[in-house]
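Notes follow the structure.
Every number in this text was worked out from the coordinates using simple rules, so none of it is lab data. Here the structure is a predicted model, which means the values were calculated and not measured. Cβ: placed from backbone, ideal geometry, glycine included. Neighbour counts: every protein chain shown.
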Amino acid sequence: MSNNIELKKLAANTIRILAAEGVQKANSGHPGMPMGMADVATILWTEFLKHNPDDPKWVNRDRFVLSAGHGSMLIYSLLHLSGYDCTIDDLKSFRQWGSRTAGHPEYGHLPGVETTTGPLGQGFGNGIGMAIASKMLSARFGENLFGNNYIYAICGDGDLMEGVSSEAASIAGHLKLGNVIYFYDDNGITIEGHTDLTFSEDVGKRFESYGWQVLRADAYNHDEIRKAIVAAQNEKNRPSIIITKSLIGYGSPNKFNTHEVHGAPLGKDELLATKKNLNWPEDKEFYVPKEVAGLFAFRKEEMNKVYLNWQKEFDEWKKSNAEKASLFDKFINQTLPENLEEELLAAVPKEPNATRTLSSKVIQKIAQIVPNFIGGSADLAPSTNTMMNGFDAISPGKFEGRNFHFGIREHGMGAILNGITLYAGFKAFGATFFVFSDYMRPTIRLAAIMQIPVIYVFTHDSIFVGEDGPTHQPVEHLAVLRAIPNSTVFRPADGIETAIAWAFALRHKDGPISLILSRQKIEAFEREKDFKPEDVLKGAYIISKENKEKLDLVIAASGSEVPIAEDAKKLLSELSIRVVSIPSREVFDKQSNDYKEKIFPADVPVVVIEAATMTGWGDLFRQKLLTIGMTGFGASGPYKTLAEKFGFTPQHVAEKIKHWI
C-alpha cells in the first residue's frame, strides 16, 4: 500500500484541493505553497514521520515544523488526514473568528502544531532548538528511547532570506546536528514576483559552507524524495537540507508558477479549472477519497505499533533505571524544589553588588538544585556572569553539558531558546546586554504569543553602562519589553530582589520573563522591619514608610534607582514620604485594586525614578505624577558622571521634587 504511486498522487492532490478550498472559502490565504509541496508532504507524512495523533505530546515523536507558515493549509490538511483533532469543519473555518485554524499555525490551537510560525525564519530557528533539546535529552537518558527522532521542516525563499535562519543554520552546522532534515521549497516566487529580483545566491553552496549536507529532489518525483530523506536520515554528523525544486500552485492550470497564487485565493473559476486539471470531482467540496483516508489510517496504525513498542521499552527502562526515571519525570514535569525561594535567598551575599554579579550567585545555586536548568550567552558569559561553574558546555557530539555558547547570534539564540522550551524537559535561559534585546524582540514576542516560559538575562541595563556610550546604553528598552503583552519584566535592586525574581522566573509557566540586571554596583538600602521576601512577588512593595500620619508623597523606583529614591527622601525631611520599589510593573499590575491603593493611595502624588524613557508610567498612575527619567540617549563617560549630568543623584531628585510639589 505504501508504495502505490497512484494512491500517493491522489493523496497529494487531496491536500492540494483541500488547501485551495480552505483559502477560497476564507477568501484569504496562501494556496500556492501547499499545492506546490503536497507531494513532498505526502511522502514524509505517510512513510517517514514518526508521530502518534492519539498522543500528540509523545516525547520521542519526530517534530514537523512548517517554517513557511503562510502555507498553513498544508499542515491543517495533513493533521486532518492523519487523524489529529482537526476536523473538516476546522478546515472550513480557516482564518475565521474563533477558529483553531488560524492564518498562520499557532501553538496551542491544534494538537500537532509544534510552534507558532508566520514571521519568516522563526520556525527554521525553532527547529534547530528542538534538535538541540533532543540531543540533550538523549545524552542524559539514552539515545534509543529519547533521541532516535528527527526534526523535519519545510522552509521557503523567505525563510532563507531572513537573517535569523542564517544564524540558526550556522550553529546547527557547527554542532553537527544530524537529526535536522529540512526541505527547501525552491519555487522561485515571492510576493513581488520571481526571486531573481533579489535572491541570486547559490543556496546549496551556502549551506555546504555552514556544514550541512545538501541534497536535491524533484518535488513531484516520489522516488527522489524518498531517497533524499533516507540519505538525510543516514547522515549522523551533519544537518541536511533537501532542495526540492517545485512549482508554486502546482495543479492550477493558469496560475501555477506565478506570484498570483502565492498570497491570494485561486478564484472560483480557477479552482474549478484546477479540479478539472487534476481529475477531481467538480461538485464536491472538502472531499477526501476513501482510498486516501485509508492510506492515512493505515499509517496511523503503523505508527501506533511503533508507539506501543516504544512505550513497552520505556516502561521496562523505568523499572531497571529507577533513579534516572525519577529524574526524567522531574524534567518532563518541570519539578522544582519546594524550598526554592529559601535556597536562592541563601545563595546571595548580603553586601551590595551589581545585580548581574548577584544573579551569578543565584545561577550557581539553581544549577545545583534544578537539573533541567540550561542556558548560555551570546558570546558574553564573562560579562553577563551566566556561566554555570563546574558544568560542561554543549559542543559537537557532547550534549551532556549545561552551558551553551550561542555565539554572537542574538536573533538565532531567541529562536533556538523557543525551540528548546517547546521540545520538552528543559528550563532554558539566554543572556546578552540589554541593548541587544532589540535583536531578540521578534522571538520574545513569539514566546509571549505561545505563552512559553523562556527566561532572558539582560545585563548592562541602563545609561550607567558608562564609557561604552549611547550605542550600548539601553534607554527605551524597558518600555519596549513592557509593551509586549504576556511578557514579564523584573528589574531587581539588590540580592533579595534578584533571588526572588529568579524564583519567579523558574516557577512561571505561561510567558517569557526578562531579568534586567545592572553592570554597576547598586548601593545598599534599608527596608522596613516587617518586610518579607515574598513581598517582592507582589511586583511593588514599601521600602520605607512615611514619618507622619498624613502621606505627602510616594517615590517609586526600580533597580539601581531605588537607593537614589531612598536617599532623596532623607534630603526632603520636611515631607512625609513613602519609598516603593517596583521590581516588576507587570506583576504589580495584576494585584488587587485594594493592594494597589494600599501602596499608592489615589489622592497622593507619585514620583517615579528610572534611568530610562518613561513611556507607560502614566498608564499605571492616574494621580499627580512626576517622572524622572531619560528623554534622549545617553553619552560616553564614567557612570557616576552620567548620573550627575542626567540628574540621577539624590540631590538632583530632591531638587526636582521641591520645585514640583
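Report, for the chain, the % of DSSP beta bridges that are antiparallel, rounded to 5.
10 percent
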Original post:
What translational D, rounded to a whole number of µm²/s, comes out for segment 160-264 from Stokes-Einstein when the hydrodynamic radius is the Kirkwood one over Cα pairs, at 20 °C and 1.002 mPa s?
Top reply: 146 µm²/s
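Which of Ser592, Ser437, Ser558 comes first, and how do the rest follow, when ranked by fewest Cβ neighbours within 10 Å?
Working: Ser592 9, Ser437 21, Ser558 28.
Fewest to most other Cβ atoms nearby, the residues stand as Ser592, Ser437, Ser558.
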Subject >> For segment 204-258, the fraction of alpha-carbon pairs in successive 10 Å shells from zero, as % >> reply: 24, 40, 25, 10, 0
Original post:
Just going by the charge dipole of segment 5-304, with Lys and Arg at +1 and Asp and Glu at -1 on Cβ, which of Val230, Ala219, Leu120 is farthest out on the positive end?
Top reply: Val230
Original post:
With labels modelled as points extended 7 Å from the Cα through the Cβ direction, what inter-label distance (nm, one decimal) is found for Asp89 paired with Glu201?
Top reply: 4.7 nm
Original post:
Which value in nm describes the separation of the simple spin-label points at Asp329 and Asn277, placed 7 Å from the Cα toward the beta carbon?
Top reply: 5.7 nm
**OP:** Pull out the extension gain between Glu528 and Ala483, defined as 0.36 nm times the separation in residues minus the alpha carbon to alpha carbon distance; nm, one decimal.
**Re:** 13.0 nm
**OP:** Please work out the ratio of the alpha-carbon Rg of segment 98-151 to 2.2 N^0.38 Å and round it to two decimals.
**Re:** 1.38
**OP:** State the Kirkwood hydrodynamic radius of segment 340-516 in Å, one decimal place, computed from all pairs of distinct Cα atoms.
**Re:** 16.0 Å
Subject >> Overall Cα dimensions of segment 258-365, principal axis frame, Å, largest first >> reply: 77, 44, 21
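How large is the convex hull of the Cα atoms of segment 552-661 per residue, expressed in Å³ as a whole number?
Values: hull volume 10.8 nm³, N = 110.
With only Cα atoms used, segment 552-661 gives 98 Å³ per residue.
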Original post:
Using only helices, what value at 222 nm comes out for the chain when you add -39,500 (n - 2.57) per DSSP H run of length 4 or more and divide by the total residues, to the nearest 500 deg cm²/dmol?
Top reply: -12500 deg cm²/dmol
Subject >> Two-site FRET efficiency, Glu549 against Leu571, from Cβ-Cβ distance with R₀ of 22 Å, rounded to 0.05 >> reply: 0.50
Original post:
segment 347-403: which trypsin sites (Lys or Arg not before Pro) are DSSP loop and have at most 10 other beta-carbon atoms within 10 angstrom?
Top reply: Lys350
**OP:** Starting from segment 19-73, pick out the trypsin sites (Lys or Arg not before Pro) whose DSSP state is loop and whose Cβ has at most 15 other Cβ atoms within 10 Å.
**Re:** Lys57
Original post:
Which whole-number percent is the relative contact order of the chain (Cα, under 8 Å, 6+ apart)?
Top reply: 12 percent
Subject >> Extension gain, Asn304 back to Lys590 (0.36 nm per residue minus Cα-Cα distance, nm) >> reply: 98.5 nm
Original post:
If the label point is 7 Å along Cα→Cβ of His508, which residues in segment 437-461 have backbone nitrogen under 11 Å from it?
Top reply: 448, 452-457
Original post:
If we count other beta carbons within 10 Å of each Cβ, what is the order of Ile15, Ile191, Ile496, Ile516, fewest first?
Top reply: Ile191, Ile496, Ile15, Ile516
**OP:** Would you mind checking the pairs Lys532/Lys569; Lys624/Lys645; Lys427/Lys538; Lys25/Lys509 and listing those with alpha carbons more than 28 angstrom apart?
**Re:** Lys25/Lys509
**OP:** At q = 0.10, 0.18 Å⁻¹, work out log10 I(q)/I(0) for segment 1-145 with the Debye formula, treating every Cα as an identical point scatterer and leaving solvent out; two decimals please.
**Re:** -0.34, -1.06
Subject >> Average Cα contact separation per residue, segment 538-660, under 8 Å, 6 or more apart, as relative contact order % >> reply: 28 percent
**OP:** Compute the distribution of all C-alpha to C-alpha distances in segment 5-304, in bins of 10 Å from 0, and list the percent of pairs in each, rounded to whole numbers.
**Re:** 7, 30, 38, 21, 4, 0
**OP:** Would you mind calculating the relative contact order of segment 483-536 from Cα pairs under 8 angstrom and at least 6 residues apart, reporting the percent as a whole number?
**Re:** 46 percent
Subject >> Viscosity 0.890 mPa s, temperature 25 °C, Stokes-Einstein D of segment 304-375 from Kirkwood C-alpha radius, µm²/s >> reply: 165 µm²/s
Subject >> Burial ranking of peptide ranges 204-211, 608-615, 526-533, 639-646 (average Cβ count within 10 Å, highest at the top) >> reply: 608-615, 639-646, 204-211, 526-533
Subject >> Whole-Å distance, taken between Cα centres, linking segment 570-609 and segment 62-122 >> reply: 45 Å
Original post:
Using the C-alpha gyration tensor of segment 479-562, what are the square roots of 5 times its eigenvalues, in whole angstrom, with the largest one first?
Top reply: 25, 15, 14
Subject >> Globularity ratio of segment 162-202, using Cα Rg and 2.2 N^0.38 Å >> reply: 1.45
